[in-house]
Structure formats: structure tokens, C-alpha cells
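These notes are about the structure you will find just below.
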There are 2 protein chains.
Amino acid sequence: METNELKRLFNPESIAVIGATENKEKIGYIVFSYINESKCKVYPVNPKYKSINGVKCYTNLKEIENDIDLAVIVLPAEQTLEALQECVEKGVRFVIPIASNFSETGEEGKKREEKLKLIIKGTSTRVLGPNTLGIFVPNVVDTMFVVKDRCKRPPKGSIAFVSQSGATAACIMDSCSFWEIGFSAFVGLGNKADLNECDFIEYFNTDPSTNVIVLYLEGFADGKRFLNVAKASKKPIVLLMAGRSTSGSRAASSHTGAMATSSKIVDGVARQANITRVYGEEEMVDIALAYSKLGPTNGKSVAIITSAGGFGVISTDHIEEDFSLNLAQLSPQTMNKLKEVLPEFASVKNPIDITAVATNDMIDKTLHILKEEKNIDIVLVIVLFQSPGITEKLVDILVKHTKSIPLVTTVIGSELADMATKELIKNGVPSYFSTYRAARAIAKIMR
Amino acid sequence: METNELKRLFNPESIAVIGATENKEKIGYIVFSYINESKCKVYPVNPKYKSINGVKCYTNLKEIENDIDLAVIVLPAEQTLEALQECVEKGVRFVIPIASNFSETGEEGKKREEKLKLIIKGTSTRVLGPNTLGIFVPNVVDTMFVVKDRCKRPPKGSIAFVSQSGATAACIMDSCSFWEIGFSAFVGLGNKADLNECDFIEYFNTDPSTNVIVLYLEGFADGKRFLNVAKASKKPIVLLMAGRSTSGSRAASSHTGAMATSSKIVDGVARQANITRVYGEEEMVDIALAYSKLGPTNGKSVAIITSAGGFGVISTDHIEEDFSLNLAQLSPQTMNKLKEVLPEFASVKNPIDITAVATNDMIDKTLHILKEEKNIDIVLVIVLFQSPGITEKLVDILVKHTKSIPLVTTVIGSELADMATKELIKNGVPSYFSTYRAARAIAKIMR
């Protein structure tokens, strides 16, 4: 398969929903209605209906006169294979069988999945799944059967998220929607009977809207190929491989039927392919966010700006002691310039502590001065709205500066902190609620 | 000094504000007005005014006929010593000199602080500070000069927070107010010219409303005494000692004039005195929250309940691999009982994965069954509102169960997650936004 062929999967013009229904409680309705809300042409297929929500409904696939880019099968496992056979006959390019009860559940399921593989073997039809939520591309296509008012979709952005667990990924995206963390696409791998993570790493390397490829896996589909495609990846890869512990590996096997990969092997692969390995879902999103906004960043010298001395000390400890980065050494010229714009009792040595009299303007001027300093690779700004001189307008100032110097922020506080974090992220500045998480994100994207 | 004498500091009946003013822009007004809002009797002192906001104002301390429990001096450093002398003469028990420009800033400041010490030497007057925000006790007293609409105060709770950095502590409390994390008291140590962290560890051990003592320090005032009082503490102590790195220690010394203590020595003290050492402000609050709700917890066996398999695997990895705790082994009887109340395809082995069909009722029944299982010391519930069967009412169910079995929750999602987290914390269940933070909190409070 040409990698670029997957482009059609993420930009389908025509989608058949096999098993669409007008019963609003059912998955067959949810999937149909979300696709119907998109710009894609939708073809519901169900012999029971003439039309659903005013859209003409087809008795079977053959009846559809047009070509079908993607078919979503929302039928039970028992009826899925027959529908897939029809897709192959119709020449459908991509099929997403949603049903569970395949290889993840015992012998019968395994046999069923083998049959599924046989059906598509040698054909031009490719399968994502089974046992999957399918795909989501903001403003383009959404095959996820989780209801939107309970599970919000994230905005458009540059994170491509490939996950072996659908429910887990959906919850993570719901959380990201809250913080305005944007995605270029989501793929639920399901049982990986055909397409797997390797195909998507290759594809997202060709996708101009993707800056970082994020993987939640419970096992590799093909370790050797993974190593090769990951090595060849020009975009950063963030990998959360779950099942590191004995009990975790056992749980993963009963969850997705994943074969355990020893943590040491994963470490080896990560090292050889320059993958950023992470260990929890919060860390995964934190690092993805930093990569998506700033890309991999060169150097290891960090400048810190704070208006509360304690946070300067704590984040210096994280930067230097926990993540082995350097605190940027400021030149005497830089420090002299800072002295001119900051109060007398401010500390112009890095960490720069403006103290509680800090204003938006002082931070603006400080950033202007730091931009000219060659010893700095990235700046961590600790944003504290508790000082009366720091207002919402600081967000615009930081957004302006991030175009010329890589910025990461930590915002600590209540309502204003919440609001500013969302605005900062929306406008290109990775922002975190703790100095540790900010320092970790900085460390992981620096090479 | 009898430890219990400090009780008067945290429960003052009469407070003099020396340097009170009616200029709303000034610290002298902010401090006066917040104390005036409390139940304490306030005595503004300033020769310029007859009254402030309708409260009789005094020319000097001597004029006040009543005894004064606490005097807050909101005058510049240059005028502070004279005011302190008057406090000693009046027999004021506790004095909080707010001004900076003492030992933290060069030779002149150091001399001034030595004079301050001489003034109170041998008297019954004790000083908190100088260079401090003073104290805050919810619903009782608030001497902090940071404006409340920018820096909210946390609700009543059981965390006693003792901090060497005022601004940093204020920002942390603002953030805690947002999440309904409650405090029994806050103390800004300032320069520790007299009272220091040791006095407060002793005092909070006698304070029935305190469950956990949290310290942000940049150096020990008296290492030997610290070790002794910490060893004698019956309540858990959480310690964030900042300045671990070379640059951090240098920054701390210019921030609070703290003398660096090597991280190894701090580790030794922590080990000997059974202190929970933490390294960042988020971790500090996370662990304080868990202690404040659950206290130190015996055992090391954890049960996990989830409705998304991936989070079960990730948190199992954290519990077993990252924090060396045990995944509780469920007895066959327990698993059989679980099978009766959970769907056929649920996993009744720990981690218990109810899958996306989970309902409030299933979680309720699962907790009832787990309560009878002797192999479980604590339960981690992963709360996911993305499943239609999980609703806001789950919060009440969890709050009910936490009375009979220690519960920690991870809530991942958007608006509902935010709301539920606040409600859970408010009602006694430590709740976190990631599996890692929840697992870490569990690990640190288990002994």
C-alpha cells in the first residue's frame, strides 16, 4: 500500500454506515448522525428503512451507485463478516468494523478475526479494527460512537493520536477539549487485524497538519517494522506503552489481547528510534502539547521568569536537578539591561525574580531583552495573577513573544489561571499547572 | 514558651494594626479591612486618623485600654523597630512585622534584624517574621496583604501550611481554593527572627483541627531541633525543601537569605523523622490532600475500579512498577460476588474493568463487595463521565463509601470532571486528574 492512500481514510468524501438506524439510543444512530453532521456524503444502509433523518437509506451496498471511500459497520460481530464481504465486492477502500467479540475474546472470536483477514486478503479493501471507535478528524469526519455531550471532541490542532484503547483515548480527548489542546486526527486501532500503528506513523509523516505522533499501545503489532518506521519518522513520536508491570501486562492481555513486550525492549526501541517514552496519560498529553506547539527544540539552556521567588527556586531545582538541563547563564549586558527595566530589589540573575510588584509591562520588556541573549534556548514564564500588576493582557504579550522565542508557561491559581491556560494553549503557548510538569515538558522536547 | 501559647496567635481576640490607613491602595488598608471583616476586635493605630471605616483609630498603642493579643506592623522597616518597642511595652503577646528590608537584604538589613531580636529578648513578646504575610486561619483571622479577588483564600480544612515564602504560598492557596482543598491554618515564616518552623510543628501537633503539617522551606532554622520536633510529631509532615540544585540553592539564598542544606542531609532527616519529602508544589498539595482526608494508611494493597481498560493498565503500572505497592489479590469469593453484579464481559480480576457500560449502581455494588475483602487496604476509583451510565450522583456514592473504606479517585474529562473533583474533595475523597498523581498520593500516605 502506498502510504498516501490512507489520506482517503482521513478525508473520505463518501461514507456508508452499515447498520444505521433511527433508534436514537443505538450506536447505529449515533455513528450515522455524527457523520451526517459532517461535510461527507453519508449513505445509511439498512433494509428496514427507506430513509433516516431525511437521508435516503439503502437496502444494501450494491444499491449505492457511487463509489464509497469508507464504510463503518455498526452490526454485531456475527453479521460483520457478511457486511465486510459486501464491502470488498463493492470495492470500498476502507472499512471500520466497530463490533467487539473478535480476537480479544477467546477462541471463537479469534476464528472470526481470522475469517475477517481472509475476506480482505489480496483485495484493495483495508480494515481499521475490529473492536474500534474508528477515526476522528476535527471538522472532517467522526465515526466515534461516544455521545458528544458526555465526551467532547478536541479542536483542530497538530497532534495525531493513535490508540489501542478506544474508551481511554476518548476520555483523554474529552479532557483535551477542555484545555483547548488540538488534534490533527485520532485513530482507534482496535484489534489491528489489518492496519496497525506502523501504517499510521508512516501516514502521519506525510500529513502536513500533524506535528507530533502520539501512541497509546499495549503491545507492538510488528516490532521490527515498528523500529524501522519509527527510525524513519521525521516527526517526533511520543509513546505510552502500557503493561510495564506484571499485573499491568496481565490486565492488558485481558483488555485488548495484547502480547506483552518487555519494558527493556521498549526502552531499546525508544532509544534507537529517538522516541519520547512516557509512562502516564497526563505526561503523554503534556509532552504532546509541547511538541505540537514548539516542535523538537535544540539546546538545553533554560531561562526562568517569576514573580514569586519560591517558584523560581522550585523550578530551578526541577530544571537542573531533576532533568539535567542548564539554567541559562545570562551575560552581564543582559543583566544590566534587565536592571534598567526591573525594580531595584528584583533578581536579574536567572531565575529572574521580578517579585510581587511585577507588571505585564515588566515581563514584556524582560522577554524583549532575553530574545537578544544567545545563551537561552527556551524560556519558562511562571504566570501569577495574584500580583495586581499581572492581568489577562499578559496572555497576548506571551503569545506575541512565542513567535520569536520558544516559551513554556506555568500558571498557578484559580479562575484566572484556568482561563489563561486555555487561552495560552489555544494561541500557541504550552501551559501547565505546575513547575514540575512544565520543566518535564521542556526537558523531553529538547534534544 | 509553652507550645499551647501559640494558640492565642491563631485565635486572637484583639488585634492592633499599626500603620492602618484609609487609603485603599495601601497595604495598611488591606490588612486592616480583612481583620475588620473577622470576628476579632480590631484596633487601628495611626496618629493621622480619628477613625477608619467607622472604627476608632488610636494615636499609639498605649492609648488602647484593652490587652492586645496580636499586633500587625504595616510600617516600613525603618519605623518597624520603634513600633515593636511599643508592643513590648504594652505587653502584646504576638507581633507580625510585615516589612521586608531585614536580613534578606544586605548588611544594613541584617543589623536591623539583630536589633529586632534584642528588643524582644527576655520579654514575653514573640515575633513572626519580619518580611512575612503573617497568618491566615479560615473564618478566624487573615493578616495577608494580598487582595482577595486576585488571591482567593482556601476553605476550612485540616492542612496546616507553614511557608518560608509568602507569595509562593499565597498562589498555592489561591489554587487550592479553586479545588476546595481546605486548610486549618497558614503561617508565613518570613525571616524567622524569632518563631520558626519548629515552633509551629509543635503547635500544630496540639491543634485538633490539623491532620497534616505541610512545610515549604528553603533552609532549616535549627536542624537539630527540627529533627527532634519532627521525630516527636504525631501528625504526618510533608516537606518541600527547595534549593536542592546548585543554582536553586543560590536562588534561595538571594530570595529568603536561606542557608543551603544539602539534599542528602534533608533526606537523612526525612528518613529518621518519617517525613514525607516532596519535590514540587503540585506534589506537595497532592500528598497533603491525601493525608488530610485519609491520614496515614496502613498496608500496601490497592484495588482499582475502572470503566476504561487502558486506565486500569496504566494505573496498575504506576501502583506496581513506579511505587512498589501491591495490586490487591481478590479472593475467589469476592470475584464470584463481583461476577453476579457486573456484566459478563467485565474483568473481575483486579484491576476491575467494568467497561464502558458501567453505571453508578455497578460501582456502588462493587464497592460494597470490596469492603468485605480483607486483602484490600485502599481503593482507587477511576471516574469517567464519558460513559452514559456514570452520572453526577456517583459523587454521593463515593462519598458514602469513603466512610468505611479509604478511597482515592482519578477523574479524567471536561466540565463534569472539574465539577466532580471539587465535590469529591469537598466531601472527603482525595481526587486527582491523572492516574499517576493518584497512585503517587496513595503510595506516599501508605506506611
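The values are calculated or read from the model by the stated rules, or taken from the named source; none is laboratory data. If you're wondering where the values come from, they're calculated on a predicted model, not measured in any experiment. Cβ: placed from backbone, ideal geometry, glycine included. Neighbour counts: every protein chain shown. In case anyone asks, the SASA skips ligands and DNA or RNA and just uses the protein heavy atoms, side chains included. Shrake-Rupley method; radii C 1.70, N 1.55, O 1.52, S 1.80 Å.
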Count neighbours as other Cβ atoms within 10 Å of each site's Cβ, and list the trypsin sites (Lys or Arg not before Pro) in segment A:315-378 that are DSSP loop with at most 13 such neighbours. A:Lys374
Quick one: divide the alpha-carbon radius of gyration of segment B:154-228 by 2.2 N^0.38 Å and tell me what you get. 1.09
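Using the alpha carbons of segment A:1-126, what is the convex hull volume per residue in cubic angstrom, as a whole number? Please list the in-between numbers first.
Numbers: hull volume 13.6 nm³, N = 126.
Each residue corresponds to 108 Å³ of Cα convex hull volume.
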Computed Rg/Rh for segment B:367-418 (Cα atoms; Rh = Kirkwood radius) stands at 0.99
Select from A:Met173, A:Met362, A:Met241 the residue whose mean-square fluctuation is largest in a Gaussian network model of chain A (Cα-Cα springs shorter than 10 Å). A:Met362
Per residue accessible area in Å² of segment B:314-447, where ligands, DNA and RNA are left out and the probe is 1.4 Å: 37 Å²
Rounded to 5, the percent of DSSP beta bridges in segment A:62-156 classed as antiparallel: 25 percent
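If Lys and Arg each add +1 and Asp and Glu each add -1, what is the summed charge of the other residues whose beta carbon sits under 12 Å from the beta carbon of A:Val42?
-1
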Would you work out which of B:Val408, A:Ala260, B:Phe136 lies farthest towards the positive end of the dipole of the protein assembly as shown, given +1 charges on the beta-carbon of Lys and Arg and -1 on that of Asp and Glu, about the Cα centre? A:Ala260
Hey, what angle do you get for helix B:263-273 against the long axis of chain B, alpha-carbon based, 0 to 90 degrees rounded to 10? 70 degrees
Using Cα centres only, tell me the gap between segment B:190-214 and segment A:114-192 in whole Å. 52 Å
Using the Cα centre of segment B:12-74 as the reference point, and only Cβ charges (+1 on K/R, -1 on D/E), how large is the resulting charge dipole? Debye, rounded to the nearest 20. 220 debye
With DNA, RNA and ligands ignored, accessible area of B:Tyr49 (1.4 Å probe; Å², nearest 10): 50 Å²
Could I get the Rg over Rh figure for chain B? Both from C-alpha atoms, Rh via Kirkwood, rounded to two places. 1.05
Rounded accessible area of A:Phe385 (nearest 10 Å², 1.4 Å probe): 10 Å²
With all distinct Cα pairs included, what does the Kirkwood hydrodynamic radius of segment B:289-447 come out to in Å, to one decimal, could you say? 15.1 Å
Per-selection metrics, segment B:143-198 (Cα): Rg and Dmax in Å: 11.3, 34
Antiparallel as a % of all DSSP beta bridges within chain B, to the nearest 5? 10 percent
Quick calc, B:Lys400 & B:Lys26: beta-carbon distance into FRET formula, R0 41 Å, rounding 0.05, result 0.25
Enter the angle in degrees (range 0 to 90, nearest 10) between the Cα long axis of helix A:197-206 and the first principal axis of the Cα atoms of chain A, meaning the one along which they spread out most. 60 degrees
At B:Asn11 and B:Asn228, where each label point lies 7 Å from the Cα along Cα→Cβ, what is the point-to-point distance in nanometres? 2.7 nm
With x for Gly and Pro, the residue-by-residue ³J(HN,Hα) of segment A:303-315, computed from phi through the Karplus equation 6.51 cos²θ - 1.76 cosθ + 1.60 at θ = phi - 60° and given in whole Hz, is 9, 10, 10, 9, 10, 10, x, x, 5, x, 5, 4, 6
If the cut-off is a Cα-Cα distance under 17 Å, which lysines reach B:Lys111, setting aside same-chain residues fewer than 8 apart in sequence? B:Lys121, B:Lys192
Per residue in segment A:302-319, which ones lose no less than 50 Å² of accessible surface when going from chain alone to all protein chains (1.4 Å probe)? A:Phe311, A:Val313, A:Ile314, A:Asp317
As I understand it, the value is the acute angle between the Cα axis of helix A:223-232 and the longest principal axis of the Cα atoms of chain A; what does it come to in degrees, rounded to 10? 50 degrees
Per q in 0.12, 0.15, 0.21, 0.24 Å⁻¹, report the Debye log10 I(q)/I(0) for segment A:74-181, using one uniform scatterer on each alpha carbon and no solvent. -0.48, -0.71, -1.09, -1.26
Using the Karplus curve 6.51 cos²θ - 1.76 cosθ + 1.60 with θ = phi - 60°, work out ³J(HN,Hα) for each residue of segment B:106-116 in order, rounded to whole Hz, and write x for Gly and Pro. x, 5, 4, x, 4, 4, 4, 5, 5, 4, 4
Taking 32 Å as the cut-off for C-alpha to C-alpha distance, list the pairs among A:Lys374/B:Lys264; B:Lys7/B:Lys444; B:Lys371/B:Lys426; A:Lys235/A:Lys264 that go past it. A:Lys374/B:Lys264
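Return the carbon/sulfur percentage of the accessible area of segment A:1-86, one whole number, probe 1.4 Å, all protein chains in place.
Numbers: 1850 of 4450 Å².
For segment A:1-86, the apolar C and S fraction of the accessible surface comes to 42 percent.
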C-alpha center-to-center spacing [segment A:234-276, segment B:237-309] in angstrom: 29 Å
So the compactness index of segment A:268-341, its C-alpha Rg divided by 2.2 N^0.38 Å, takes the value 1.41
Hey, got the average number of other protein chain Cβ atoms within 10 angstrom for residues in A:409-421? 4
With viscosity set to 1.567 mPa s and temperature to 4 °C, compute the Stokes-Einstein D of segment B:405-447, Rh being the Kirkwood radius across alpha carbon pairs; µm²/s, no decimals. 122 µm²/s
Check: C-alpha center segment B:48-102 vs C-alpha center segment B:418-447, spacing in Å is 43 Å
Rounded to the nearest 10 Å², the accessible area of B:Asp67 using a 1.4 Å probe with every protein chain kept is 120 Å²
Spherically averaged projected area in nm², based on the convex hull that wraps the Cα atoms of segment A:206-362: 12.7 nm²
The protein assembly as shown: calculated mean residue ellipticity at 222 nm from DSSP helix runs of at least 4, using -39500 (n - 2.57): -12000 deg cm²/dmol
How about segment A:75-123: which trypsin sites (Lys or Arg not before Pro) there are in a DSSP loop, with at most 13 other Cβ atoms within 10 Å of their Cβ? A:Lys121
How much accessible area is lost when chains A and B come together, counting both sides, with a 1.4 Å probe, in Å² rounded to the nearest 100? 5100 Å²
List the residues, sorted by chain then number, that are 5 or more residues from B:Leu239 or on another chain and whose placed amide H is less than 5 Å from its amide H. B:Leu215, B:Thr276, B:Arg277, B:Val278
Roughly what % antiparallel, to the nearest 5, for the DSSP beta bridges in the protein assembly as shown? 10 percent
Run the paramagnetic zone check for B:Asn326: 7 angstrom along Cα to Cβ, then residues of segment B:394-419 with backbone nitrogen under 18 Å. B:406
With DSSP loop assignment and no more than 10 other C-beta atoms within 10 Å, the chymotrypsin sites (Phe, Trp or Tyr not before Pro) in segment B:268-329 are none
Ratio of Rg to Rh over segment A:99-138 (Cα coordinates, Kirkwood Rh, two decimals): 1.05
Toy charge model, Lys and Arg Cβ at +1, Asp and Glu Cβ at -1: chain B dipole around Cα centroid in debye, rounded to 20, equals 700 debye
For the protein assembly as shown, whose charge dipole is built from +1 on Lys and Arg Cβ atoms and -1 on Asp and Glu Cβ atoms, the candidate among B:Asn36, B:Asn101, B:Ala270 with its Cα farthest towards the positive end is B:Ala270
Determine the relative contact order of segment B:87-139: mean sequence separation of Cα pairs under 8 Å and six or more apart, normalised by residue count, in whole percent. 49 percent
Using the alpha carbon gyration tensor of the protein assembly as shown, what are the three equivalent-ellipsoid semi-axes (square root of 5 times each eigenvalue), largest first, in whole Å? 56, 29, 24
Test item: Cα-centred dipole of the protein assembly as shown, Lys/Arg +1 and Asp/Glu -1 on Cβ, debye: 640 debye
For A:Asp396, B:Asp322, what's the largest-to-smallest order of accessible area, 1.4 Å probe? A:Asp396, B:Asp322
What residues in segment B:344-363 lose 30 Å² or more of accessible surface when the other protein chains are added to their chain alone (1.4 Å probe)? B:Lys349
